[in-house]
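These notes concern the structure reproduced below.
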Amino acid sequence: MSAVLPRSDVLVVVSSGSIDGARSAAATLDWLQAHGHDDQVRNSIAVVNAVRPRAGKVDVGKVVEHFSRRCRAVRVVPFDPHLEEGAEIALDRLRRETREALTELAAVVAAGFPGDPRRCKPSFT
């Protein structure tokens, strides 16, 4: 980890919509901060994954609120039967809401990338 983290542009921390999943993701952020990666935590993106509408007793809004205080962005990816299958994912088999959520997630991740290095003028000495 010590070789990879300083070179990362954006960290994506994924949590299930359960209390245990949120605690595990929060513990990951705690570990990162305890090891001097505060900037990466602030620039990270939390993903609350496989959220079923009105299922269970977990208030997903509170989970999102918690991660919003720690991360640059939080995105919720809804439950999708095709993702539950595992293995290879065919985008055309995902529900429209899932495709939209994943597209939005990709845009938020990409917004944290540095500028295109090919656009930088080379410095000559």
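FYI, it's all coordinate maths here, none of it is from the lab. All figures in this text were calculated on a predicted structure; none of them were measured in a lab. Here the Cβ positions follow ideal geometry from the backbone for every residue, glycine too, while neighbour counts run over all protein chains shown.
Some notes on this structure:
- Integer Hz, Karplus 6.51/-1.76/1.60 couplings in order for the stretch 59-67, x for Gly and Pro: 8, 4, x, 6, 5, 4, 4, 4, 6
- Taking θ as phi - 60° and the Karplus parameters 6.51, -1.76 and 1.60, the scalar couplings of the stretch 90-107 work out to 9, 4, 6, 8, 7, 5, 3, 4, 5, 4, 5, 5, 5, 5, 5, 4, 4, 5 Hz in sequence order, x denoting glycine and proline.
- Amide hydrogen proximity for GLY17: with H placed 1.01 Å from N in the peptide plane, the residues at 5 or more positions away or on another chain lying under 5 Å are ASN49.
- Loop-located GluC sites (Glu not before Pro) in the stretch 26-108 (DSSP state other than H, G, I, E, B) with a sparse environment of at most 10 neighbouring Cβ atoms within 10 Å: GLU88.
- Electrostatic dipole magnitude of the stretch 5-119 [Cβ: Lys, Arg +1; Asp, Glu -1; Cα centre; debye, to 20]: 260 debye
- Extended-chain gain in nm, criterion 0.36 nm per residue less alpha-carbon gap, GLU100 and LEU5: 31.3 nm
- Degrees between helix 19-34 axis and first principal axis of the chain (Cα, 0 to 90, nearest 10): 20 degrees
- Rg/Rh for the chain stands at 1.04; both radii use Cα atoms, and Rh follows the Kirkwood definition.
- Averaging the sequence gap over all C-alpha pairs within less than 8 Å and six or more residues apart, then dividing by the number of residues, gives the chain a relative contact order of 24 percent.
- Near VAL47, once Lys and Arg are set to +1 and Asp and Glu to -1 for all other residues with Cβ below 13 Å from its Cβ, the sum equals +1.
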